[in-house]
Amino acid sequence: MRWLLICILWSSNIAAQSLMPNPPSISEPSSVQYALSRTQEFALSTDKQLHMAGCFMISSLTTSYVYNRTADKRKAIAIGFGAGMVAGIAKEIYDIRYGNPDWADILADAIGSGLGAVSITFTF
């Protein structure tokens, strides 16, 4: 059941990326408009969404596995977050040589890893 849910979420993320419009451009922004445009650019960037989604999946799966094996929430969160960040940083190291590295990608990795690690440990 978990794998079905993960596959559905992953496929809906891919489908949503094709429908996502490019962020609007502002010709002469003021400081507030500039901050808003940078925030919108970050939030609507397909690359950042992929970083968040990938690190979320890695982090949540690792957190779930470690929590099921140890029953220690703190340890599971730390290891899950670390696994997501290691994957994200490894991708950025790869991008230094073969792609387009960006510090904002590391921020997106941290957001996805943090959400993945914490959301799995909620008990209802």
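The values are calculated or read from the model by the stated rules, or taken from the named source; none is laboratory data. Here the structure is a predicted model, which is why all the values come from computation and not from measurement. Every residue, glycine among them, receives a Cβ derived from its backbone with ideal geometry; neighbour counts consider all protein chains shown. Ligands, DNA and RNA are stripped out before the accessible areas are found, and what is left, the full protein with its side chains, is counted by its heavy atoms. Shrake-Rupley method; radii C 1.70, N 1.55, O 1.52, S 1.80 Å.
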* To do: Compute the signed sum of charges (Lys and Arg +1, Asp and Glu -1) over the other residues within less than 12 Å, Cβ to Cβ, of Gly82.
  => 0
* Residue by residue, what Karplus-based ³J(HN,Hα) values in Hz, rounded to whole numbers, does the stretch 50-67 have, using 6.51, -1.76 and 1.60 with θ = phi - 60° and x for Gly and Pro? -> 5, 4, 4, 5, x, 5, 4, 5, 4, 5, 5, 5, 5, 4, 4, 4, 5, 5
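Report the convex hull volume per residue for the stretch 52-124, counting only C-alpha atoms, in Å³.
Values: hull volume 5.1 nm³, N = 73.
Convex hull of Cα atoms, per residue: 69 Å³.
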* To do: Give the accessible surface of the stretch 77-124 per residue, rounded to a whole number of Å², with probe radius 1.4 Å and ligands, DNA and RNA excluded.
  => 62 Å²
* **the stretch 45-124, accessible surface, carbon-and-sulfur percent (1.4 angstrom probe)** => 67 percent
* **Within-13-Å neighbourhood charge of Pro101 [Cβ basis; K, R +1; D, E -1]** => -4
